[in-house]
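Asks: Please see the structure below; I have some questions.
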Amino acid sequence: QVQLVESGGGLVQAGGSLRLSCAASGLSRIKNAMAWFRQAPGKEREFVAAVSWSGKTDYADSVKGRFTISRDNAKNTVYLQINSLQPEDTAVYCCAVKYDMGLPSKQSSGMDYWGEGTLVTVSS
C-alpha cells in the first residue's frame, strides 16, 4: 500500500549539485517524519538527514552545510538538495518514513517504510 519513489539522481561532476525527490503515497493521516539514507559501494547504509512534520531538521555531520532536507506536506514529498558534491557522496540514496511526531531515530532500523533508492554518482 505505502510506496516511496525517489528521483533526481544522476551523474554529476565534483562540485556540482543535485536535488533529490521522494514522493510518498498510501500513508495514513498520522503525522510522520521523513529521512534520507545512503549506501555507497562497500559501505554500510548511513543516515543522511531527516525532517519532522513541522519542518525540524537533523543532519549527519558529514553532510552539514552541503545538504538541505525539506518537505511538502501537501504532496507527501521530501527533498534533498545536495551541493558541493564530492566523490565520497556517490551512493544509492533512499528515502524513508517514520510515524513520529518529531524527528525519527537516526538508525535505519527505526524507519517504517523505505523507497528503492536513486543512484547519485559523482565524478572526480
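The values are calculated or read from the model by the stated rules, or taken from the named source; none is laboratory data. Just so it is clear, the model here is predicted, and its values are computed rather than measured. Because the Cβ atoms are built from the backbone with ideal geometry, glycine has one as well, and the counts that use them run over all protein chains shown. The protein model used for the area step is the full one, side chains on, heavy atoms only, and it has no ligands, DNA or RNA in it. Shrake-Rupley method; radii C 1.70, N 1.55, O 1.52, S 1.80 Å.
Asks: Taking a Cβ-Cβ separation under 4.7 Å as the criterion for a possible partner, which cysteines of the chain have none?
Replies: Taking the Cβ cut-off of 4.7 Å, the unpaired cysteines of the chain are CYS94.
Asks: Roughly how many Å² is the accessible area per residue of region 40-105, as a whole number, for a 1.4 Å probe?
Replies: On the way: 3240 Å² over 66 residues.
Accessible surface, normalised per residue, equals 49 Å².
Asks: How big is the Cα convex hull of the chain in projection, averaged over all directions, in nm²? Before the final figure, lay out each step's value.
Replies: Working: hull surface 27.4 nm².
Averaging across all directions leaves 6.8 nm² for the Cα convex hull.
Asks: Nearest-5 percent of antiparallel DSSP beta bridges in the chain?
Replies: Restricted to the chain, the bridges split so that about 90 percent are antiparallel.
Asks: Please compute the net charge surrounding ILE82, taking Lys and Arg as +1 and Asp and Glu as -1 over other residues with Cβ under 13 Å from its Cβ.
Replies: Details: positive: ARG19, ARG38, LYS64, ARG66; negative: GLU6, GLU88, ASP89.
Taking every Cβ under 13 Å from that of ILE82, the sum is +1.
Asks: Local charge sum around MET111 (other residues, Cβ-Cβ under 11 Å, Lys/Arg +1, Asp/Glu -1)? Walk me through the numbers before you get to the answer.
Replies: Details: positive: ARG45, LYS98, LYS106; negative: ASP100, ASP112.
Result for the local shell: +1.
Asks: Determine, for each peptide in 45-55, 6-16, 30-40, the mean count of other beta carbons within 10 angstrom over its residues, then list the peptides with the highest first.
Replies: Per-residue mean Cβ counts within 10 Å order the peptides as 30-40, 45-55, 6-16.
Asks: In 5 Å bins starting at 0, how do the alpha-carbon pair distances of region 11-80 split up by percent?
Replies: Distribution as computed: 3, 15, 24, 24, 18, 10, 5, 1 percent.
Asks: Once ligands and nucleic acids are excluded and a 1.4 Å probe is used, how much of THR57 is accessible, expressed in Å² to the nearest 10?
Replies: Surface accessible to solvent at THR57 totals approximately 60 Å².
Asks: Alpha carbon centre of region 96-124 versus region 25-64: separation in Å?
Replies: Here the two parts' Cα centres lie 4 Å apart.
Asks: Starting from 0.36 nm per residue, how many nanometres of slack lie between ALA40 and SER17 once their C-alpha separation is accounted for?
Replies: Gain on extension, ALA40 to SER17, equals 6.5 nm.
Asks: Take the solvent-accessible surface of the protein heavy atoms, probe 1.4 Å, and return the percent of it on the chain that carbon and sulfur atoms account for.
Replies: Heavy-atom surface of the chain belonging to carbon and sulfur, 1.4 Å probe: 46 percent.
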